[in-house]
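The values are calculated or read from the model by the stated rules, or taken from the named source; none is laboratory data. Computed from a prediction, not measured in an experiment: that's the story for all the values here. Cβ sites come from the backbone with ideal geometry, for glycine too, and all protein chains shown count toward neighbours.
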């Protein structure tokens, strides 16, 4: 293509428009961050659309220490980390079998997992709620002795739902790994377990990293299951706890802004540090399918 | 599926331990999926044909036939509103943010100045939870929020209640949901475009086609796999919508959605499990079509 004057000007205009759009896209997040740094008294007096006189981290201090947001953040970590590890582990097992062996059940199995992942959660949770109330657990997990209102229950449903997507992505990824590697392992007399854990699993590392980042964001951001399966407020992860705190902070919107910021800043950090993995994880499932 | 060990040799190579390991590798995840997703889903469909208050034991469940469905269609005032809102959500998503995301992908793919900045900006909403998204946008649309301030509606009487007015709030929510959806579509499309054979671009350029013409007539049709995924993602997201309206006003007063009605019938003041299950079943019937399309598209070449 000829790059004339017209194209150069066109490119400059396009990139200017896109940059303005980008700023506009960031505006709600930046605005919330600004609100979180302002004292409520000042906003009450001059309105939120006033030039800030005082900017400090007082709201963050109150949210973290007095409202104990740190506790909810720990809850999130306690749910997210085991759920992600377990999902990756179980999904890699199924993906290994369906991509390395030719069983008749391979495709129906993959379809089952994928379909389960796409079902609306509302379809599942009435019986699940009753099942969780009926399944006994030892008292060190829950004082009431049932799976309902435990973080273990929350972890299990996350794993059951997310496994579908992870299996699908991992099996697609595994198909791109040369079959000669598997053949030589079998010829060398590797057992199925060695073939899986010592040969294939290390080769999956890039895909596991991408998926891990994506699953961490999704599970950390979950709202539906946490609200549905955890009754006790102080067991809830930070995303769901925000809705409790909305009531508590009702009078003080600037404090709520700090609370919201505390909930989303970890995901922003993950995104900025691991953006490549995040994008790769989302697109692995769609382009190689 | 390329990588396969020939079946005959493999069968003889399996020891008893291998067979046990294989069974475990497939069996454990499958059992979990069936126990926690498939069985509950079937039970919900069965429950939709029963009366149950959810409080009494399982013996208080009574057969209802299609009564729940009949009642929902004739008596439940929130139902037509929810159905309309879900349909509106789908149509709106299909007409505005989805094409917008595709067009943005076209421009972002040119990698002009500042591409890193605006690409990041468009992706960012995706990493926020929907619950946080609702709170963040509340600062923009609250009665004393940014929009009313910019419009000069500073007094309590003149301020527009964007979330409270049942004629306005669904549009505001659709705008907020689009803010997230655009980046997702753009990301999926950009990934698809990277996989397009560069020879297609060159051939079109030699023929004197403009960039935009090439995109519309050559690139867009060649990305049919991505297009199917985008349709599925759009339909499923429109049906699943829950978090955003729930955090704004618990899905009432103009923000009724099927997903919220299910929840309200189970955890709300009057617990009607049958209605909740029937609504969930309808949600399932609506989403099974895109699921089937997706499964067909994905697995047809494997068969």
request  = Hand me the list of helices (runs of 4 or more DSSP H) wholly inside the range B:36-127 holding 1 or more residues that are in contact (Cβ under 8 Å) with a residue 12 or more places away in the chain and under 30 Å from residue A:11 (Cα atoms).
outcome  = B:78-95, B:97-108, B:115-123
inquiry  = Please determine whether any residue of the range A:240-249 is closer than 30 Å to residue A:62 by Cα, modelled with pLDDT of 90 or more, buried (at least 18 other Cβ atoms within 10 Å of the Cβ) and out of contact with any strand residue (DSSP E or B) (no Cβ under 9 Å at 6 or more places or on another chain).
reply    = no
request  = Go through the range B:146-175 and give me each residue that's surrounded by 23 or more Cβ atoms within 10 Å (Cβ to Cβ) and within 12 Å of another protein chain (Cβ to nearest Cβ).
outcome  = B:148
key: When residues of the range A:151-180 are limited to those that are in contact (Cβ under 8 Å) with a residue 24 or more places away in the chain and more than 30 Å from residue A:195 (Cβ to Cβ), the one surrounded by the most Cβ atoms within 10 Å (Cβ to Cβ)   = A:154
note = Only one of B:272, B:240 is farther than 16 Å from residue B:81 by Cβ and modelled with pLDDT of 85 or more, namely B:272
remark   = Within the range B:190-208, residues being under 25 Å from residue B:98 (Cα atoms), within 13 Å of chain A (Cβ to nearest Cβ) and either out of contact with any helix residue (DSSP H, G or I) (no Cβ under 7 Å at 6 or more places or on another chain) or in contact (Cβ under 8 Å) with a residue 40 or more places away in the chain (or both) number 3
message = Here is a list: B:117, B:122, B:107. Which entry is assigned by TED's automatic domain parsing to the domain that holds residue B:221, buried (at least 22 other Cβ atoms within 10 Å of the Cβ) and touching a helix residue (DSSP H, G or I) at 6+ places or on another chain (Cβ under 8 Å)?
response = B:122
request  = Count, please, the residues in the range A:109-132 that happen to be more than 8 Å from chain B (Cβ to nearest Cβ) and modelled with pLDDT of 90 or more.
outcome  = 1
task = Could you tell me whether the range B:154-171 includes any residue that is touching a helix residue (DSSP H, G or I) at 6+ places or on another chain (Cβ under 8 Å) and either modelled with pLDDT of 90 or more or assigned to a helix (DSSP H, G or I) (or both)?
result = yes
request  = Could you grab me the full set of residues in the range B:109-123 that are at the interface with chain A (Cβ under 7 Å from one of its Cβ atoms) and either modelled with pLDDT of 90 or more or under 24 Å from residue A:270 (Cα atoms) (or both)?
outcome  = B:114, B:117, B:118, B:121, B:122
